[in-house]
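Working notes for the structure below.
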Amino acid sequence: MTNLCWQQPSITLYGKQHPIPRLQAWLGDHPHKYRYSGQDFIADIWPDSVADIARDISAETGVLMNSVLVNLYRDGQDSMGWHADDEPELGPDPVIASLSLGATRDFALRRTGTTRQAGRIALSDGSLLVMKAGMQSRWQHALPKRARVKSPRINLTFRQIIV
Ligand SMILES: O=C(O)CCC(=O)C(=O)O
Ligand SMILES: [Fe+2]
């Protein structure tokens, strides 16, 4: 994982550029394109180790996963804000499978259109969280900062790009 092509793109908030508070890499079985905050990213072809995990997760979920967004949270200061994975490339009702490695981090949930957190799940090393069809339109999720966490976490969110 350490030799992946890590990127730290900037997102535009209120007209100002901010680097995302984590590193990410976009991998797949083909050079799939995906659009994120107004920028296009082309997938690097995944190494055999990741292809093997994708095969297992495809068998587990019944969905042929052909791409993965890898997130590296260097410590508890790194995070991901509230969002749903509702990019058009994923189709109307995606299944997304999220494998966690390293430090345990809380995964927070809220209903779409609300601001209050409705629940959280501690994602520990080796855990697999499957967000099933219907979830992205009804719920948002986030990975909040945790000041006490001093060690890194890598998260692989397997997806099926359908366009
Ligand atoms: O790090 C996590 O568990 C969440 C990652 C996530 O939501 C995403 O990659 O879209
Ligand atoms: Fe997500």
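All of the numbers you see were taken from the coordinates with simple rules; none came from a lab. Predicted, not measured: the structure shown is a model, and the values here were computed from it. Note: ideal-geometry Cβ built from the backbone for every residue, glycine included; neighbour counts use all protein chains shown.
So here's what we get for this one:
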{"item": "Helical contribution to [θ] at 222 nm, DSSP H n ≥ 4, -39,500 (n - 2.57), averaged over the chain, rounded to 500", "result": "-3000 deg cm²/dmol"}
{"item": "Projected label distance in nm at T12 and D56, using a 7 Å step from Cα toward the beta-carbon", "result": "4.1 nm"}
{"item": "Local net charge near Y73, Cβ-Cβ under 11 Å (Lys/Arg +1, Asp/Glu -1)", "result": "+4"}
{"item": "Phi to ³J(HN,Hα) by Karplus 6.51 cos²θ - 1.76 cosθ + 1.60 over region 57-67, Hz, x for Gly, Pro", "result": "6, 5, 5, 5, 9, x, 10, 6, 7, 10, 7"}
{"item": "Eligible lysines near K150 by straight Cα distance, threshold 30 Å, same-chain separation 8 or greater", "result": "K16"}
{"item": "Over the chain, relative contact order from alpha-carbon pairs under 8 Å, at least 6 apart, %", "result": "26 percent"}
{"item": "Global geometry of region 60-146, whether rounded, prolate or oblate, following the gyration tensor of its Cα atoms and the 1.5 cut on a/c", "result": "oblate"}
{"item": "Stretch gain in nm, segment I162-R116, where the contour uses 0.36 nm per residue and the Cα spacing is subtracted", "result": "13.3 nm"}
